[in-house]
Amino acid sequence: MSLLYHSNIFTTVTRSCPGELLARSTLLSTGWEATASINALSATFVITDACWDICRSPGGAHNGGRVVPALAGVAAGLGSGPALRAAARDEGDLPYRLLAECVKGIVQSETYLFRERGYPDAATYEKSWKENYTGSCRRYSDSTHQGRSWYEHVADRAWSDFLFSRVKTATVTAGADGALHIDGSFTDSFHGLGARLSVLGGVVTAAQGGFLRAPDDICTESAAALAALAGVPLTSLGREQIFRTIGGEQGCVHMADLITHMLQTFAETGRG
């Protein structure tokens, strides 16, 4: 085995003071070191300020940082992607990616903020997810499934200002068979999963994965869908294509997120 490249993205969300959140996402890889942060109001998720900073990049060509005033007033939610892209349009892909990780973390932290967000109790909050996010993943697409509730899965942390954390990793190695292998892991406050892709000649030759932690048993069934990536050229695998290929609404959005990170890491090796 020959080690070629490694990449980690670490995201946290904390209460910075009463009524306010701080989300920070940091990339640390073989070629890059960068961070982005978003401050937002906990009741509305409206962004008050945001910034990014690239400390290390290939040849130092992208080093620098910036405050992003265009995001002030934008609600940090699943529909904020266009605003994030517009705000980071002239900055390259990395600031957008890290700001988007901050937003995803804020959305996940709502688990512990539901009363501030206007929900009277946990059951009402969970019901809203089932109604509003049908089609987002296997757990929220099977209307006949009666699994355990979200709050039976997550840990109580009512005493803590630390709301959410997530780590995504990817490692690229060269095998003796000439294939390149990408191993990835995704661990956060609610999930634990991993995957391996093998690539030869710009095409995925094998894909497999599994779950260590998931909200429900039905989530783990989606791992089998990774096999559909075998035979697909890397050039055909953008984020939306990955989501559709590994099951779409019957798959796992977090597995799609991990595969996206793995392929972004692979692209940084210059061997795609």
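Table: residues versus (1) out of contact with any strand residue (DSSP E or B) (no Cβ under 7 Å at 6 or more places or on another chain); (2) over 22 Å from Asp257 (Cα atoms); (3) at pLDDT 95 or above; (4) hydroxyl-bearing (Ser, Thr, Tyr).
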residue: Ser2; (1), (2), (3), (4): no, yes, no, yes
residue: Asn8; (1), (2), (3), (4): no, no, yes, no
residue: Thr12; (1), (2), (3), (4): no, no, yes, yes
residue: Arg24; (1), (2), (3), (4): no, no, yes, no
residue: Leu28; (1), (2), (3), (4): no, no, yes, no
residue: Gly31; (1), (2), (3), (4): yes, no, yes, no
residue: Leu41; (1), (2), (3), (4): no, yes, yes, no
residue: Thr44; (1), (2), (3), (4): no, yes, yes, yes
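Conditions tested, residue by residue: (1) hydrophobic (A, V, I, L, M, F, W, C); (2) under 30 Å from Ala34 (Cα atoms); (3) touching a residue at least 60 places away in the same chain (Cβ under 8 Å).
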| residue | (1), (2), (3) |
| --- | --- |
| Gly79 | no, yes, no |
| Leu84 | yes, yes, no |
| Ala87 | yes, yes, no |
| Ile106 | yes, yes, yes |
| Phe114 | yes, no, no |
| Asp121 | no, no, no |
| Ser149 | no, no, no |
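Within region 86-103, restricting attention to residues that are farther than 13 Å from Val74 by Cβ and aliphatic (A, V, I, L, M), which residue is modelled with the lowest pLDDT? Quick ask: steps written out before the conclusion?
So in region 86-103, the residues farther than 13 Å from Val74 by Cβ come out as 89-98, 101.
After this cut, where a residue has to be aliphatic (A, V, I, L, M) as well, the list is 94, 98.
On the way: Leu94: 94, Leu98: 97.
Checked region 86-103; the qualifying residue modelled with the lowest pLDDT is Leu94.
Pick out the one residue from Thr11, Thr35, Thr26 that is touching an Asp or Glu at 6+ places or on another chain (Cβ under 6 Å), farther than 29 Å from Tyr119 by Cα and in contact (Cβ under 8 Å) with a residue 40 or more places away in the chain.
On the way: Thr11 fails: farther than 29 Å from Tyr119 by Cα; Thr26 fails: touching an Asp or Glu at 6+ places or on another chain (Cβ under 6 Å).
Within the list Thr11, Thr35, Thr26, the selection yields Thr35.
Phe164 - would you say it is modelled with pLDDT of 95 or more and in contact with a Leu (Cβ under 6 Å, 6 or more places away or on another chain)?
Working: modelled with pLDDT of 95 or more: yes; in contact with a Leu (Cβ under 6 Å, 6 or more places away or on another chain): no.
Here the answer is no, as Phe164 does not meet what is asked.
Can you pull out every residue in region 226-256 that is within 26 Å of Leu28 (Cα to Cα) and surrounded by 21 or more Cβ atoms within 10 Å (Cβ to Cβ)?
Ile242, Phe243, Cys252, His254, Met255, Ala256
Out of (1) under 30 Å from Thr14 (Cβ atoms); (2) free of Cβ contacts under 8 Å to residues at least 24 places away in the same chain, the odd one out for Asp177 is which?
(1)
Is it true that some residue in region 204-225 is part of a helix (DSSP H, G or I), out of contact with any Gly (no Cβ under 8 Å at 6 or more places or on another chain) and either surrounded by fewer than 16 Cβ atoms within 10 Å (Cβ to Cβ) or modelled with pLDDT of 95 or more (or both)?
Yes, there is a match, as at least one residue in region 204-225 is part of a helix (DSSP H, G or I), out of contact with any Gly (no Cβ under 8 Å at 6 or more places or on another chain) and either surrounded by fewer than 16 Cβ atoms within 10 Å (Cβ to Cβ) or modelled with pLDDT of 95 or more (or both).
Which pairs have Cβ atoms under 8 Å, sit 6 or more apart or on different chains, and link a residue in region 245-261 that is assigned by TED's automatic domain parsing to the domain that holds Val172 to one that is among the polar types (S, T, N, Q) and modelled with pLDDT of 95 or more?
Short answer, once both residue conditions are applied: Leu258/Ser185; His261/Ser7.
Taking Glu126 as meeting all but one of (1) under 19 Å from the mean Cα position of the chain (by Cα); (2) closer than 18 Å to Ala214 by Cβ, write down the number of the exception.
Failed condition: (1).
The values are calculated or read from the model by the stated rules, or taken from the named source; none is laboratory data. What you see is a predicted model; the values in this text were computed from it and never measured. Counting neighbours? That spans all protein chains shown, and the Cβs are built from the backbone with ideal geometry, glycine included.
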